Structure formats: C-alpha cells, structure tokens
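Colleague: Here it is: the structure, laid out below.
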Amino acid sequence: MKTSFRFQVSSFKLKLVALIFGLMLVSCHSGTKKTEPATNSDESGVAKFVFSEEIHNFGSLKAGELVSFTFVFKNEGTKTLTITEVDSGCGCTEVIIPDKTIDPGQEGQIQVIYNSAGEVGRQLKTITLTSNAETPKKQLMIRANVTNEIIEINS
C-alpha cells in the first residue's frame with residue numbers, strides 16, 4: 001500500500017509541476033505585446049555606404065600579373081545594409097564579399113582581384129554593387145596601365 005501511495009504522490013507532484021509550467025507559458029503569451037526600443041536593424045531607417053576609397057589605381061602592371069585590393073566601407077546609416085547583387089563587368093575581375101549584410105556603424109570589405117592577362121594599355125574596370133542603401137547602385141573602380149610585350153611586339 002505504501003508503494004501505491006508514493007506513486008500517487010509522485011504523480012501528483014508531476015502534475016503540479018506541469019500545471020505550474022503551463023501557467024508560466026500562458027502568462028508569457030497573455031496577448032499584450034511589449035514595445036521594443038528601436039534597434040540597429042530598425043527597418044524604417046536608411047542604409048548608407050561610405051567608402052574610404054572608391055577608385056584604386058594599381059599603377060603599372062605586366063600582362064599576366066594578378067593583383068588585389070580590398071575596398072573598406074562603413075554603413076553610416078540607421079538600417080542594416082544588404083548587398084543584393086554584384087556586377088564585376090568582365091571576367092578579368094573577381095569580387096569577394098565576405099559579409100553581404102552590414103549593421104549600422106559596422107565596417108565591411110569588398111575584395112577585388114584583377115587578372116591583367118591579355119590586357120594592354122590603360123585599363124579602367126567598374127564594379128557595380130546593388131543594395132538596399134540610400135543610393136541603391138554604387139560603383140567602385142580599379143585602374144591599371146598594363147604593358148603586354150607580346151601584343152606590343154606584334155603591333
């Protein structure tokens with residue numbers, strides 16, 4: 001008889017704990033919505049690209065050289081900046097963006113790798129970024145003066 005009494009007490013405790021837990025869950029979702037203060041990801045704000053440099057000059061290169069540069073920018077807006085599309089313009093330019101979502105006040109990076117193989121003369125390459133920024137299209141440029149002995153000899 002003691003065994004069944006212990007089972008009844010344990011069952012009662014289990015039911016009591018479940019009831020208290022259930023009441024706590026219900027009280028947390030009582031239907032009133034708390035207003036959260038505005039955060040950095042406030043969707044009513046504006047995202048804003050601010051670059052430390054928008055044009056980079058690699059200077060003189062020999063055809064076939066592979067060079068890279070990292071553009072650094074800051075989101076000086078009040079909304080999270082999201083880069084949605086990147087157009088490098090040609091196959092000679094590769095763009096690497098480690099993080100396409102940048103919170104307000106944070107910095108981001110855009111690495112551009114330029115392959116000068118097959119190029120000759122003054123080069124100007126444009127990278128176009130599309131985002132949710134105040135100005136949705138942003139252009140970055142790289143420049144180089146490429147010497148190509150094979151093309152120059154044959155011309």
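Just so it is clear, none of the values below were taken in a lab; they were calculated from the coordinates. Model, not experiment: these values are computed from the prediction. For neighbour counting, all protein chains shown are included, and Cβ atoms are generated from backbone atoms with ideal geometry for every residue, glycine included.
Colleague: Using the Cα centre as the reference, give the magnitude of the dipole from point charges on the C-beta atoms of the stretch 72-134 (Lys, Arg: +1; Asp, Glu: -1; all else neutral), rounded to the nearest 20 debye. Mind dumping the intermediate values first?
Modeller: Numbers: 5 positive and 9 negative charges, 30 e Å.
Roughly 140 debye, rounded to the nearest 20.
Colleague: For the stretch 84-155, which GluC sites (Glu not before Pro) are both in a DSSP coil and crowded by at most 16 other Cβ atoms within 10 Å?
Modeller: Working: sites: Glu85, Glu94, Glu107, Glu119, Glu134, Glu149, Glu152; in loops: Glu119, Glu134.
Hits after loop and neighbour filter: Glu134.
Colleague: Right, something else. Once the dipole of the stretch 49-154 is set up with Lys and Arg at +1 and Asp and Glu at -1 on Cβ about the Cα centre, which of Thr135, Val112, Thr84 lies farthest towards its positive end?
Modeller: Farthest towards the positive end: Thr135.
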